[in-house]
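Reviewing the structure listed below.
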Amino acid sequence: MTSTRPSSGRQSVRPATGGPGGGYDVEQVRKDFPILARRVHDDRPLVYLDSAASSQKPVSVLDAERDYYELHNANVHRGIHVLAEEATALYEAARDKVAAFIGAPRRDEVVFTKNSSEALNLVAYAMSNAATSGPEAERFRLGPGDEVVVTEMEHHSNLVPWQMLCRRTGATLRWIGLTDDGRLDLADLDQVITGRAKVVSFVHQSNILGTVNPVEKIVSRARAVGALTVLDGSQSVPHMPIDVTALGVDFLAFTGHKMCGPTGIGILWGRHELLEVMPPFLGGGEMIELVTMEESTYAVPPHRFEAGTPMIAQAVGLGAAVDYLTDLGMDAIAAHEHDITAYALDGLSAVPGLRIIGPPDAVDRGGAVSFVLTGTDDRPLHPHDVGQLLDELGVAVRVGHHCARPVCLRFGVPATTRASFHLYSTRGEVDALVEGLGHVRRFFGT
Amino acid sequence: MNLDSMYQEIILDHYRNPHHRGLREPFDTEVHHVNPTCGDEVTLRVKVADGVVADVSYESEGCSISQASASVMTDLVIGRSVHDALELGREFLALMQSRGTVEPDEDVLEDAVAFAGVSRYPARVKCALLSWMAWKDATAQALGGIPEQEVDR
């Protein structure tokens, strides 16, 4: 293992018997994920290549949630009985684990949300709420003449909230376009991010193209013009070592269920000096300081942004997922996935009639590979038909526009088929995909 | 394989050689419908004359199921009275919502019986219904609304 993070000791240390270049034994790791042993349809082994949509969960995560409900369940931050104190300790311990996992300087910079979408909406709504807040929120205020910058490869969850913010405030949305090989076109970066930009929100790793974006370049331009930066890490945090200080962004959003944790829990990390003065998004219990019938004052972060009873069991499960990833080592996971991605790009490129949508090589690229396909008669095959036939072979992929319709428009395709990998994916699964695609082409060919 | 119950030869035939495809004049109304989950799209024109479906023409992009369904639908409704065509549409909708539990009547639905297998795949039902819904919408607009007794119950 090449982990640079301390092990929590929850998992036994595995022998480095070598998955290809991975540093851990992937077959051994797969035993931690009971669902990967499932058989589907005509007793075919499940080949799960849809981890970018949602990852599978190891037993330790399932156990953590079950333990929580069996032994410690109570509401958090209220009540003085044993269970309430234990539940609070477990919930807050999960925050500590997440903070350490992303290199956050302070634990109170970690805000629990429902998912990445809510985390991004939180920032966008805080910015329009700034219009009616005090002078401390000046940094977040925007209006006509101001600009919000995104990229053309955003997931809808990092596009629509900003479109909505612009509608509420009269600000203008601008975006960084794409090159033909699926990378950000940074040639006119200085013209897109100007002194009018108040916030630049962009994806770290594209869920549809697999592209890993050059954070530093964009952040340095945004900083030079005084814009806030928001990074959508939904597809990067689960797959590579992340250090928020090194990234230099102001906010980072990501979600638990793509990083081997439960659904229903996401994270907004924000620099403390910003969270401290950022107006709240949702009002309710837990986020207040003093309440009268006329008005209220708000709690300090992170609780200001966690109105209502939070997702306690899910946070505990996420904490276990962070332990699991840390034990395996994010460097080792990244190396393993890099190997699988390069192998898949090679294998897929050799399929006749297949066109990869996104970077053709594994440089600055993660394990989400989109493609379109023609049949043996050279007619384009619709991804729904491709996915349906693959499913019948036990191969689970995602088809459609992947909540990134502007990318499909940019590349002139109605939809794509996407295979995506995680720490438990194998070369054998890639082989099953490539073989399945041959079958699909013949089935629809005349 | 199982899926042959979905991808019937009739469906593949219509997919490879669609009938009545291409937008034509004259027409009363044109609609554009999309299936946002998968990006299937259809632009469809309707011409109604004396209570009869005089013509239906379309351009579409999408999966084999949505393409074949559009082709089969035009075969079934063109030349029929609007009343009978709407009745057929209800029959087809019932079949698609049956999750494989209804034995379709081939005398009524003709080639559309081939879609019975699709009803077992909830994610694909919308694909099969896309062109039918577009046709119903265009027809309703052409008639300035569909009479109460024709509306789906």
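One table, with the values for the structure above:
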{"quantity": "Single residue of A:ALA94, A:ALA53 found to be of a type outside the set (D, E, K, R), within 24 Å of A:ASP232 (Cα to Cα), part of a loop (DSSP other than H, G, I, E, B) and under 26 Å from the mean Cα position of the chain (by Cα)", "calculated": "A:ALA53"}
{"quantity": "Selection within region A:370-386 - without any contact (Cβ under 8 Å) to a residue 60 or more places away in the chain, surrounded by 20 or more Cβ atoms within 10 Å (Cβ to Cβ) and more than 8 Å from chain B (Cβ to nearest Cβ)", "calculated": "A:PHE371, A:VAL372, A:VAL386"}
{"quantity": "Matching residues in region A:165-184 - criterion: being in contact (Cβ under 8 Å) with a residue 60 or more places away in the chain and loosely packed, with under 14 Cβ neighbours inside 10 Å", "calculated": "A:ASP181"}
{"quantity": "Residue count, region B:120-145 (criterion: small (Gly, Ala, Ser), within 14 Å of another protein chain (Cβ to nearest Cβ) and surrounded by fewer than 24 Cβ atoms within 10 Å (Cβ to Cβ))", "calculated": "1"}
{"quantity": "Residue in region A:403-421 that is farthest from the other protein chains (Cβ to nearest Cβ), counting only those that are in contact with a helix residue (DSSP H, G or I) (Cβ under 8 Å, 6 or more places away or on another chain) and crowded, with 24+ Cβ neighbours inside 10 Å", "calculated": "A:PHE421"}
{"quantity": "Residue match in region A:434-442 (condition: touching a Ser or Thr at 6+ places or on another chain (Cβ under 6 Å), more than 22 Å from A:HIS156 (Cβ to Cβ) and away from every other protein chain (no Cβ under 13 Å))", "calculated": "yes"}
{"quantity": "Number of positions in region B:61-86 that are within 14 Å of another protein chain (Cβ to nearest Cβ) and either at pLDDT 95 or above or in a helix (DSSP H, G or I) (or both)", "calculated": "7"}
{"quantity": "Enumeration of residues in region B:68-119 that are among the charged types (D, E, K, R), more than 21 Å from B:HIS20 (Cα to Cα) and within 12 Å of the chain's Cα centre (by Cα)", "calculated": "B:ARG90, B:GLU91"}
{"quantity": "Strands (runs of 3 or more DSSP E) enclosed by region A:172-269 - at least 3 residues per element that are in contact with a Ser or Thr (Cβ under 6 Å, 6 or more places away or on another chain) and of a type outside the set (A, V, I, L, M)", "calculated": "none"}
{"quantity": "Flag if A:THR309 is in the same structural domain as A:PRO238 (by TED's automatic domain parsing), touching a strand residue (DSSP E or B) at 6+ places or on another chain (Cβ under 8 Å) and not hydrophobic (A, V, I, L, M, F, W, C)", "calculated": "no"}
{"quantity": "Any hit, region A:144-162, residues being assigned to a loop (DSSP other than H, G, I, E, B), touching a helix residue (DSSP H, G or I) at 6+ places or on another chain (Cβ under 6 Å), modelled with pLDDT of 95 or more and of a type outside the set (S, T, N, Q)", "calculated": "yes"}
{"quantity": "Number of the exception - A:LEU390 against (1) over 30 Å from B:ILE10 (Cα atoms); (2) at pLDDT 95 or above; (3) touching a helix residue (DSSP H, G or I) at 6+ places or on another chain (Cβ under 9 Å)", "calculated": "(1)"}
{"quantity": "One residue from A:LEU409, A:LEU389 being in a helix (DSSP H, G or I), aliphatic (A, V, I, L, M) and free of Cβ contacts under 8 Å to residues at least 12 places away in the same chain", "calculated": "A:LEU409"}
{"quantity": "Filtered residues of region A:56-76 (kept if over 16 Å from the mean Cα position of the chain (by Cα), part of a loop (DSSP other than H, G, I, E, B) and under 26 Å from A:ASN207 (Cα atoms))", "calculated": "A:PRO58"}
{"quantity": "Residue that is farthest from the other protein chains (Cβ to nearest Cβ), among those in region B:3-40 that are in contact with a Cys (Cβ under 8 Å, 6 or more places away or on another chain) and within 26 Å of B:VAL53 (Cβ to Cβ)", "calculated": "B:ASN35"}
{"quantity": "Region A:237-256, residues that are surrounded by 24 or more Cβ atoms within 10 Å (Cβ to Cβ) and over 18 Å from A:GLU276 (Cα atoms)", "calculated": "A:VAL237, A:PRO238, A:HIS239, A:PHE254, A:THR255, A:GLY256"}
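Every residue, every condition in (1) under 19 Å from A:ALA419 (Cβ atoms); (2) among the polar types (S, T, N, Q), yes or no:
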site	(1), (2)
A:ALA197	no, no
A:VAL200	no, no
A:THR211	yes, yes
A:VAL219	no, no
A:ALA222	no, no
A:HIS239	yes, no
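So that you can scan it fast, the table gives a plain yes or no per residue for (1) within 28 Å of A:VAL212 (Cα to Cα); (2) at pLDDT 95 or above; (3) within 14 Å of chain B (Cβ to nearest Cβ):
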{"site": "A:ARG5", "(1), (2), (3)": "yes, no, no"}
{"site": "A:GLY23", "(1), (2), (3)": "yes, no, no"}
{"site": "A:ARG30", "(1), (2), (3)": "yes, yes, no"}
{"site": "A:ILE35", "(1), (2), (3)": "no, yes, no"}
{"site": "A:ALA52", "(1), (2), (3)": "yes, yes, no"}
{"site": "A:LEU62", "(1), (2), (3)": "no, yes, no"}
{"site": "A:ARG78", "(1), (2), (3)": "no, no, no"}
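The values are calculated or read from the model by the stated rules, or taken from the named source; none is laboratory data. Keep in mind it's a predicted model, so treat the numbers as computed, not measured. Note: ideal-geometry Cβ built from the backbone for every residue, glycine included; neighbour counts use all protein chains shown.
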